[in-house]
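Inspection log for the structure reproduced underneath, given as structure tokens.
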Amino acid sequence: MKLCKVLLVILIEPMVALGQGVTFDLHEYKPLEGLKADVVAGQLQVNWRGDGNQQLRAVFGVKDRQPLVRELAVRRGAAAWSVLARNLTPEFDVVSGRRRISEQQLAPLRELGCAITPELVEKEKWNAFGDAPLDIPGTSGTNRTSSRKIRL
């Protein structure tokens, strides 16, 4: 699944920038075992090996300056391709926030005798699972920070 996300970002971003006149330049592309990209009928086709004997295929294109996933398909062995979806328009949501660490997450550090310094908080907030999502910013005794900053 992670591979699919990486492929989508790498392959779709240039398509959006170029708009309708998309040409796929694969002259520096080096196929890997189990992963292959080709230009087929002016569209980018990516095939890769899945679990067991599965083969997966994604075909990317552009219509009206918008990236499209023309097709997602799967097959087992040499069987016919089963199309899972066609002509999908990707939606991109970006959420940005401020990392913080809760008092609950700092308590074990205090028990170990660690001094709670700004440097320690800066380092450890990246280890906080889920970024303290259930704590309400500004509530006394729950968070080290008093506000949440979200930029979209």
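Would you order Trp126, Trp48, Trp81 from fewest to most other beta-carbon atoms within 10 Å of each residue's own beta-carbon?
In order of increasing Cβ crowding within 10 Å: Trp126, Trp81, Trp48.
Which of the aspartates and glutamates could a cross-linker span from Lys125 if the Cα-Cα distance has to be under 16 Å and same-chain partners fewer than 8 positions apart are dropped?
Straight-line reach from Lys125, under 16 Å: Glu103, Asp135.
Using Cβ contacts closer than 10 Å as the measure, can you line up Arg49, Arg70 from fewest to most?
So the ranking, lowest neighbour count to highest, is Arg49, Arg70.
Among Val95, Val74, which comes first, then next, by fewest other beta-carbon atoms within 10 Å?
Ranking Val95, Val74 by Cβ neighbours within 10 Å, fewest first, gives Val95, Val74.
Any chance you could run the full-extension gain for Glu33 through Asp64? It's 0.36 nm times the residue separation minus the Cα-Cα distance, nm to one decimal.
7.8 nm
Here, each number is a calculation from the coordinates, and none is a lab measurement. Computed from a predicted model, the values in this text were never measured in an experiment. Quick reminder, even Gly has a Cβ in these numbers, built from the backbone with ideal geometry, and neighbours come from all protein chains shown.
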